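Structure, as structure tokens:
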Amino acid sequence: MSVSLYLILAALCFSVSCLQRLPRIVSGPSHPLIGKRKGVATFDWTFELRPSETWNDSIYEVVFGIWDYPGFLTTKLMVIDKHGDEMIRRNYENKINCTFNMSRLQVSFTLHNLSKEDQYNYGLHVEFGPVNRSPLTDTVKLRLEDPPEITNPLQRNVTARTGDDLDIKCQAKGVPNPIMTWTRLGRVIKNQTLALKRVRRSDSGVYLCKAYNKAGEDSKEVIVTVSDYNDESPQITVPSTPKQSSEEISPLWTSLLVVSASIILIMFAVLLLLSRGYCRTKIPYAPQIDTKTSI
């Protein structure tokens, strides 16, 4: 055989093997697909048919749903038939939507408002008909990741007395569950709970509560102040009568002054009236008798 004949046979074999491998999944979502809590997750697939086939004449339906081990479609969430009509599972109307291109054989399904309950294996199932052919399938695990957010401690400043025991918890929320540590001056000293037994003054300082997971990290400073009992001994506060300045007079003295002033005014008025009455009293006129005799 000539070399050219070998090349022709090789090309034919390659073409036949390629046709036998079609249809096939060309591209799909990343494995696993990472989503954010309360966010969205989009599953994109592109598949390929045989050269003479189209969506309308060879595909019965394209299904997106939840898969179970070892690879069975257990729950249909959305279906696209050969005419491009969509069907959504009940109670999922606001949860899922899709876009697709029938000529390019591309489909995209989006889940909204993600929560921990949405962490499943999802997959694509392309069913052919009426010819008895194996369906196209592809699955992907949805995993949620949410950066940590520290929820405890709430106070930034913590005080204690020498000899006391001090326990402070470092708590955070996130997906997956965050790992919590306590550090001081860059050195990890405790895990989730900062437990200081019989604290001393040297335990005073800045402690860092740190939480981290695959999605990120968060931290919060706590300032611990340790003092001796003799430094600030508890004092009993006795309520005392407030001191009055020279300008401040109690209501009792004010009343006495008003009464005294009133009495003085009344006495002055009486004396004035009496004096006027005395002046108006008529004195009887007595004619003067001249004792001198004329010459």
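Each peptide among 121-128, 42-49 gets the average number of other Cβ atoms lying within 10 Å of its residues, and from highest to lowest they stand as 121-128, 42-49. Each Cα pair under 8 Å and six or more residues apart adds its separation to the average, and for the range 82-142 the resulting relative contact order is 22 percent. Backbone geometry of the range 23-33 corresponds, through the Karplus equation with coefficients 6.51, -1.76 and 1.60 at θ = phi - 60°, to 3J(HN,Hα) couplings of x, 7, 7, 8, 8, x, x, 5, 10, x, 8 Hz, x marking Gly and Pro. Amide H to amide H, with H built 1.01 Å from N, K169 comes under 5 Å of L194, counting only residues 5 or more places away or on other chains. Here the Karplus relation 6.51 cos²θ - 1.76 cosθ + 1.60, evaluated at θ = phi - 60°, turns the backbone of the range 193-206 into coupling constants of 10, 8, 10, 10, 9, 6, 4, 10, 4, 5, 7, 5, x, 9 Hz, with x for every Gly and Pro.
Quick note: the coordinates plus some simple rules give every number you see, no bench work behind them. Not measured: the values here are computed from a predicted model. Positions of Cβ are backbone-derived with ideal geometry, glycine not excepted, and every protein chain shown enters the neighbour counts.
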